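*Asks:* Okay, here's the structure, questions in a sec.
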Amino acid sequence: MRGQSRIEAFNKTIAAAEARRRKAISEAYRVFNTKHGAAKRLHRSTYMAAYAAWRAIKSMPDAEGYEFAREAFIKASEVADHREARAELDRAIRAADEASEAELALAWGRSTGMKAE
């Protein structure tokens, strides 16, 4: 029966580690979605302002500010940059995975009497 209780304890440790991992990943996605949404809203408002300025002046190529409005509209038309938020999400997921793996390795070492590497 001693082996059975060790297995049960190890299984509880696995379940707890997985629950912490899932919670950390869920939080990482919540943070990502918040930042991603904010970036999308900022991009949209920047685009709309540039579009309005360009639309008001585009039929007058000799007007002052024509090139500036044109360039601002072209730049605002580019796809929003979400690389930073995605990189942060990736780091958080990797950290959650590494913490979970370390916890499981430690638990395995305790349950088998072997040292984790």
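The values are calculated or read from the model by the stated rules, or taken from the named source; none is laboratory data. Model, not experiment: these values are computed from the prediction. A quick note on method: Cβ atoms are made from the backbone with ideal geometry, for glycine too, and the neighbour counts reach across all protein chains shown. Surface accessibility is based on the protein's heavy atoms, side chains included, excluding ligands, DNA and RNA. Shrake-Rupley method; radii C 1.70, N 1.55, O 1.52, S 1.80 Å.
*Asks:* Please determine whether any residue of segment 15-28 is among the charged types (D, E, K, R) and buried (at least 16 other Cβ atoms within 10 Å of the Cβ). Walk me through how you get there before you give the answer.
*Replies:* If we filter segment 15-28 for residues that are among the charged types (D, E, K, R), which is where we start, we get 18, 20-23, 27.
The next check asks that each one be buried (at least 16 other Cβ atoms within 10 Å of the Cβ); those that pass are 21.
Looking through segment 15-28, at least one residue is among the charged types (D, E, K, R) and buried (at least 16 other Cβ atoms within 10 Å of the Cβ).
*Asks:* Of the conditions (1) at pLDDT below 95; (2) more than 30 Å from Asn11 (Cα to Cα); (3) open to solvent by 40 Å² or more (accessible area, probe 1.4 Å); (4) over 29 Å from the mean Cα position of the chain (by Cα), Gly113 clears all except one; give me its number.
*Replies:* (2)
*Asks:* Pairs, please: C-beta under 9 Å, at least 6 apart or cross-chain, first residue of a type in the set (Val, Ile, Thr) and in segment 39-54, second open to solvent by 80 Å² or more (accessible area, probe 1.4 Å)?
*Replies:* Hits for this filter: Thr46/Lys75.
*Asks:* Of the residues that make up segment 6-17, is at least one in contact with a Phe, Trp or Tyr (Cβ under 8 Å, 6 or more places away or on another chain), assigned to a helix (DSSP H, G or I) and touching a residue at least 24 places away in the same chain (Cβ under 8 Å)?
*Replies:* Within segment 6-17, the subset in contact with a Phe, Trp or Tyr (Cβ under 8 Å, 6 or more places away or on another chain) is 10.
Remaining after also requiring assigned to a helix (DSSP H, G or I): 10.
Now restrict to residues that are touching a residue at least 24 places away in the same chain (Cβ under 8 Å): 10.
Within segment 6-17, one or more residues are in contact with a Phe, Trp or Tyr (Cβ under 8 Å, 6 or more places away or on another chain), assigned to a helix (DSSP H, G or I) and touching a residue at least 24 places away in the same chain (Cβ under 8 Å).
Per-residue answers, yes or no, for (1) more than 30 Å from Arg21 (Cβ to Cβ); (2) of a type in the set (D, E, K, R):
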{"position": "Arg55", "(1), (2)": "yes, yes"}
{"position": "Ala63", "(1), (2)": "yes, no"}
{"position": "Arg86", "(1), (2)": "no, yes"}
{"position": "Glu103", "(1), (2)": "no, yes"}
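*Asks:* Can we say Glu88 is assigned to a helix (DSSP H, G or I), among the acidic types (Asp, Glu), within 25 Å of Ile14 (Cβ to Cβ) and in contact (Cβ under 8 Å) with a residue 40 or more places away in the chain?
*Replies:* Taking the combined requirement at face value, the residue does not satisfy it.
*Asks:* Of the residues Arg44, Arg83, Arg30, Arg94, which single one is modelled with pLDDT under 95 and among the basic types (Lys, Arg)?
*Replies:* Numbers: Arg44 fails: modelled with pLDDT under 95; Arg30 fails: modelled with pLDDT under 95; Arg94 fails: modelled with pLDDT under 95.
Exactly one of Arg44, Arg83, Arg30, Arg94 is modelled with pLDDT under 95 and among the basic types (Lys, Arg), namely Arg83.
*Asks:* Can you name the number of the only condition in (1) in a helix (DSSP H, G or I); (2) surrounded by 12 or more Cβ atoms within 10 Å (Cβ to Cβ); (3) within 27 Å of the chain's Cα centre (by Cα); (4) not basic (Lys, Arg) that Ala53 fails?
*Replies:* (3)
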